[in-house]
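What follows is a set of notes on a single structure, which appears directly below.
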Amino acid sequence: MPRRRGKKSRRGSKKTLFWVILGVLLTLLVGASLVVFAVLWLRPDRDSFAWAPGETDPTRIEELENRYRALLEELPAVRREEWGARSPDADQLLVEETKGRITVHHSAIDSHPSPSLGFPHTVRGVQRFHMEDRGWSDLGYHFLIDPDGVVYEGRYLYVRGSHAGSQPANADNIGVCLIGNFEEKMPEQEQLDSLFDLIALLEDFFGIERETLTTHSEIRKEFGLGGTACPGALLLDEVARFRAEDESLNR
């Protein structure tokens, strides 16, 4: 009789162990499913048509390059190879076909470089800061404008920028940076003329509404991010005036 009770006890222990293991496996399965669901459906950029260049047909990248080449020539803009840009870290880039808004920034740095180096040196410095200090894949802005009104090609237009403060704020958003600190002084008129010409051209090319034009401080507020003085109070006023002029014409 004692041995029979022992056999029943061992069988009961085995059943208990079976149900414990099954419960653990089911818990792990449910947890993994929730993680997959969150990654696929709850990520901030799920509505953007984005993919890594390494996973993209090179022919498609070439088509996008050709699409924007005419736009850059119309500006005209100093191309990346002309100002000495470094190659981006392609593994971190997100490619986007659409653009739906424009955000204006300032560099908050001295707008008077060494005469022997010129503003291309300043643009290279911004790229170096973004890649080495910030750890970004490339220069964060799509365009930069120097005080003489010269426009520089920044991050490729078909790639999502890193300038607005978060992935949702960066999505489909063109970043334009004016070189200078506009808390301290007004932008040069040549700079403003080039900025507004660039904005009008991008709006026409992508079908962007003027009312979506924003500044760095405004978009950070819109997305509930921390405050910033960028693009400086003096440039902020000029952008607001430019936006209001279009709104008054459309009333």
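The values are calculated or read from the model by the stated rules, or taken from the named source; none is laboratory data. Predicted model, so just to flag it, every value in this text is computed and none were measured. Every residue, glycine as well, gets a Cβ built from its backbone with ideal geometry; the counts of neighbours run over all protein chains shown.
Hey, SER137 hits all of (1) modelled with pLDDT under 95; (2) among the polar types (S, T, N, Q); (3) under 27 Å from ASP204 (Cβ atoms) but one; which does it fall short on?
(3)
Take LEU225 and decide whether it is in a helix (DSSP H, G or I) and surrounded by 15 or more Cβ atoms within 10 Å (Cβ to Cβ).
When the stated conditions are applied, LEU225 does not pass them.
Check whether at least one residue in the range 230-243 is small (Gly, Ala, Ser) and part of a helix (DSSP H, G or I), and report yes or no.
yes
Specify which of the listed residues (SER194, SER217) is hydroxyl-bearing (Ser, Thr, Tyr) and over 17 Å from the mean Cα position of the chain (by Cα).
Step by step, each of SER194, SER217 is checked, and only SER194 is hydroxyl-bearing (Ser, Thr, Tyr) and over 17 Å from the mean Cα position of the chain (by Cα).
Check whether at least one residue in the range 118-136 is among the β-branched types (Val, Ile, Thr), surrounded by fewer than 21 Cβ atoms within 10 Å (Cβ to Cβ) and touching a residue at least 24 places away in the same chain (Cβ under 8 Å), and report yes or no.
Scanning the range 118-136 turns up at least one residue that is among the β-branched types (Val, Ile, Thr), surrounded by fewer than 21 Cβ atoms within 10 Å (Cβ to Cβ) and touching a residue at least 24 places away in the same chain (Cβ under 8 Å).
Determine which single condition THR59 fails, assuming it passes every other condition in (1) assigned to a loop (DSSP other than H, G, I, E, B); (2) of a type in the set (S, T, N, Q); (3) modelled with pLDDT of 65 or more.
(1)
Quick one: which residue in ALA200, ALA164, ALA169 is part of a helix (DSSP H, G or I), more than 23 Å from GLY118 (Cβ to Cβ) and touching a strand residue (DSSP E or B) at 6+ places or on another chain (Cβ under 9 Å)?
ALA169
Looking only at the range 137-193, filter to residues that are aromatic (Phe, Trp, Tyr) and touching a helix residue (DSSP H, G or I) at 6+ places or on another chain (Cβ under 7 Å); which one of those is surrounded by the fewest Cβ atoms within 10 Å (Cβ to Cβ)?
Once the filter is applied, the top-ranked residue is TYR158.
To keep it simple, each residue is scored yes or no on (1) among the basic types (Lys, Arg); (2) touching a Phe, Trp or Tyr at 6+ places or on another chain (Cβ under 9 Å); (3) not in a loop (DSSP other than H, G, I, E, B).
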residue	(1), (2), (3)
GLU65	no, yes, yes
PRO88	no, yes, no
LYS99	yes, yes, no
VAL126	no, yes, yes
MET131	no, no, yes
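With respect to LEU93, is the statement that it is in contact with a His (Cβ under 7 Å, 6 or more places away or on another chain) and either over 24 Å from MET186 (Cα atoms) or at pLDDT 85 or above (or both) true?
So LEU93 does not fit the description; no.
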